[in-house]
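The values are calculated or read from the model by the stated rules, or taken from the named source; none is laboratory data. What you see is a predicted model; the values in this text were computed from it and never measured. Methodologically, a virtual Cβ is constructed for each residue, glycine included, from the backbone with ideal geometry; neighbour enumeration extends over all protein chains shown.
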């Protein structure tokens, strides 16, 4: 008798014996329950969006070191913890990086190292959709995108090729789960029709609109409506591919602390699609936050850092800003489609059939090969992520400019709990000015939107 025949005979004998035992007992053994439905998966996602990061020439000179290089890192010493703690941090780059001939207003040409400093502070996405994106022409805008990407950030609002999509799907990995965040970013033009397209009153190259994400807020309503529809198309494109969709807009009237009718009209139109938030800037001051069709709309989060302040513009509101802080809770649930995975191998059938197969394996084949254990079973099918909770708040900020050892310094101060003990403020005697900024912001927004800690 061969070994194979011996094994077959042994299996037959065991099978007959087991069957006799089950019959003699008068009942079959209860099958072991396997493939227990797991709990829902829950992931919390935090997004921080900062306002206009600008570099007027006094800021550029303040950043210049004795070695002739530019270091902007200390601008973010007090806010980098907030920026880096967020799962995704974004900032509006209201400048260009042409690589030479640095200057400030009216055409911002900024050292590349500003991008590196913002990345070091925790920025993941550079928003490049604003009325200064054409300050160095189309070639300068393309190089600005390259510099932002070279620093390790993604770019949205300007594309370098017409093969790229106008919006961004940012893939976040958290808790071993993948969350897709769609980001749509657009800025206003000063154009009033379909010809002679302009930004800040200056001509754009004829093909610039193929690369810049723009809309015409000063145009005839028919042009504005067509541009709004383009933005809506981008929102829909993101919503089809993402779990969270954020819209950034550069709009409004400079130095006005309340939104105008055009901003409200655009917000109402876009909120019909229910993006998860609309965040905007450009007025260089903070404007109100409100819910439009249940969508939080930050009409302007103001300047993040600039040289616009009481000493230069006789307007202390330009020193104030917000970090928009958006918190989302996402949930996905297991889907019982009758499929289970054992060590990566699909086992088809109902849970009962899979359980019976597991029992058979454990009783009849275990003597030849180890059967899979319950620990080896994994749930295979899950629903898409759904939003179970969201919260829109903002961290108030204030830009401090002071002199230290003969050197001018600029630093963004978060007006969170305990800011009064900030050594920079105390030593320079600016605590009362910072307190006044917090009072202004709280009065404008209301306490419900103020985030006191992060």
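When residue 211 is tested against the conditions (1) closer than 16 Å to residue 142 by Cβ; (2) over 29 Å from the mean Cα position of the chain (by Cα); (3) surrounded by 15 or more Cβ atoms within 10 Å (Cβ to Cβ), the lone failure is (2). Residue 198 meets all of the listed conditions (1) out of contact with any strand residue (DSSP E or B) (no Cβ under 9 Å at 6 or more places or on another chain); (2) surrounded by 15 or more Cβ atoms within 10 Å (Cβ to Cβ); (3) touching a residue at least 24 places away in the same chain (Cβ under 8 Å) but one, namely (3). Counting only residues that are within 20 Å of residue 51 (Cα to Cα) and without any contact (Cβ under 8 Å) to a residue 24 or more places away in the chain, the range 241-263 holds 1 of them.
Could you say which residue among 94, 67, 116 is more than 14 Å from the chain's Cα centre (by Cα) and under 15 Å from residue 51 (Cα atoms)?
Details: 67 fails: under 15 Å from residue 51 (Cα atoms); 116 fails: under 15 Å from residue 51 (Cα atoms).
From the options 94, 67, 116, the qualifying one is 94.
Give the residue, chosen from 60, 91, that is surrounded by 20 or more Cβ atoms within 10 Å (Cβ to Cβ), in the same structural domain as residue 205 (by TED's automatic domain parsing) and part of a helix (DSSP H, G or I). Write out each step before concluding.
Details: 91 fails: part of a helix (DSSP H, G or I).
That would be 60, the only listed residue that is surrounded by 20 or more Cβ atoms within 10 Å (Cβ to Cβ), in the same structural domain as residue 205 (by TED's automatic domain parsing) and part of a helix (DSSP H, G or I).
The requirement of being within 30 Å of residue 296 (Cα to Cα), out of contact with any strand residue (DSSP E or B) (no Cβ under 9 Å at 6 or more places or on another chain) and either at pLDDT 90 or above or assigned by TED's automatic domain parsing to the domain that holds residue 83 (or both) is fulfilled somewhere in the range 408-417, by at least one residue. Residue 434 satisfies every condition listed in (1) more than 24 Å from residue 288 (Cα to Cα); (2) assigned to a helix (DSSP H, G or I); (3) at pLDDT 95 or above except (1).
Looking only at strands (runs of 3 or more DSSP E) that fall completely inside the range 215-333, which ones have 2 or more residues that are in the same structural domain as residue 58 (by TED's automatic domain parsing) and touching a helix residue (DSSP H, G or I) at 6+ places or on another chain (Cβ under 7 Å)? It would help to see each step written out before you state the result.
Numbers: elements: 244-250, 277-281, 289-292, 295-298, 303-305, 320-332.
Counting at least 2 such residues, we get 244-250, 289-292, 295-298, 303-305, 320-332.
Take the conditions farther than 21 Å from residue 67 by Cα and more than 23 Å from the chain's Cα centre (by Cα) and apply them to residue 137. Does it pass? Give the steps one after another, and end with the answer.
Numbers: farther than 21 Å from residue 67 by Cα: yes; more than 23 Å from the chain's Cα centre (by Cα): yes.
Yes, satisfied.
Of all the listed residues (228, 235, 266), the sole one being in contact with a strand residue (DSSP E or B) (Cβ under 8 Å, 6 or more places away or on another chain) and crowded, with 24+ Cβ neighbours inside 10 Å is 266.
Yes or no, residue by residue, for (1) closer than 30 Å to residue 290 by Cα; (2) surrounded by 13 or more Cβ atoms within 10 Å (Cβ to Cβ):
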{"residue": "390", "(1), (2)": "yes, yes"}
{"residue": "407", "(1), (2)": "no, no"}
{"residue": "411", "(1), (2)": "yes, yes"}
{"residue": "416", "(1), (2)": "yes, yes"}
{"residue": "422", "(1), (2)": "no, yes"}
{"residue": "425", "(1), (2)": "no, yes"}
{"residue": "446", "(1), (2)": "yes, no"}
{"residue": "453", "(1), (2)": "yes, no"}
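Inside the range 94-115, residues that are part of a helix (DSSP H, G or I) and touching a residue at least 40 places away in the same chain (Cβ under 8 Å) make up a count of 2.
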